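**Q** Input: one structure, supplied below.
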Amino acid sequence: MVNKELDVYVKSFKQGNDEAFDVIYDETKKLIYLSIHPIINSNSLTEDLMQETYMKAIKSLESYKIGTNFKAWICRIAHNLAINEYNSRKKVESLDEENMLEIEDKSPQNSLLDSAYEILNRDPKTYEKEIFTYRIVCDMKFSDISTILDLPKSTVFNIYNRIIKKIKDNI
């Protein structure tokens, strides 16, 4: 569904049509999942953060401007929640190294995709997994990715090219 079509449902939901939320959810759930999971690496926590994303989006829906990119807007919310959760878990882990939290439930996926994520995890650089996921898995435009990650489009493009080279060199 294109952004203009999705905006019709957003507007309808703003006007009180609760059924419009079902369409919004169906159109964005995969994208939201993929915005959170590469950062968190836990299915159950990803699902919790998805719920939190939708609740936060509903509460702040009045700030969304019809005509802009709703998918990028809601992915930005999901991404920020995932980063906040990751940072808070990182602090807990550093405070109590004996009882480190283990990240669980790595979902079984395509082996080529798993290999790519493994390569990206060897030398974790900011945004590599997110850009890879948004571009390859979600087939998003660089401009949308730059909006979600709040990075210049050229930076996203350069990181993406480094990611592809890294994966090609290692597979």
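**Q** Residue 126: within 25 Å of residue 70 (Cα to Cα) and at pLDDT below 80, yes or no? Break it down stepwise before answering.
**A** Working: within 25 Å of residue 70 (Cα to Cα): yes; at pLDDT below 80: yes.
So residue 126 fits the description; yes.
**Q** Tell me the helices (runs of 4 or more DSSP H) entirely within the range 1-78 that contain at least 3 residues that are under 26 Å from residue 127 (Cα atoms) and open to solvent by less than 50 Å² (accessible area, probe 1.4 Å). So that I can check it myself, show each step before the final result.
**A** Values: elements: 3-14, 19-40, 43-59.
Here the list reads 19-40, 43-59.
**Q** Separate question: If you take the residues in the range 147-159 that are hydroxyl-bearing (Ser, Thr, Tyr) and modelled with pLDDT of 90 or more, which one is surrounded by the fewest Cβ atoms within 10 Å (Cβ to Cβ)?
**A** Filtering the range 147-159 for residues hydroxyl-bearing (Ser, Thr, Tyr) gives 147, 154-155.
Those still in the list that are modelled with pLDDT of 90 or more too: 154-155.
Details: 154: 10, 155: 14.
In this case the residue turns out to be 154.
**Q** What pairs come out if I take residues in the range 151-171 that are of a type in the set (Val, Ile, Thr) and pair them with residues that are open to solvent by 80 Å² or more (accessible area, probe 1.4 Å) whose C-beta lies under 8 Å away, six or more apart or interchain?
**A** Every condition considered, the pairs that remain are 159/125; 171/112.
The values are calculated or read from the model by the stated rules, or taken from the named source; none is laboratory data. Since the structure is predicted, the reported quantities are computational estimates derived from the model, not experimental observations. As a convention, Cβ positions derive from the backbone with ideal geometry for all residues, glycine included, and neighbour counts pool all protein chains shown. Side chains included, ligands, DNA and RNA excluded: accessible areas come from the protein's heavy atoms. Shrake-Rupley method; radii C 1.70, N 1.55, O 1.52, S 1.80 Å.
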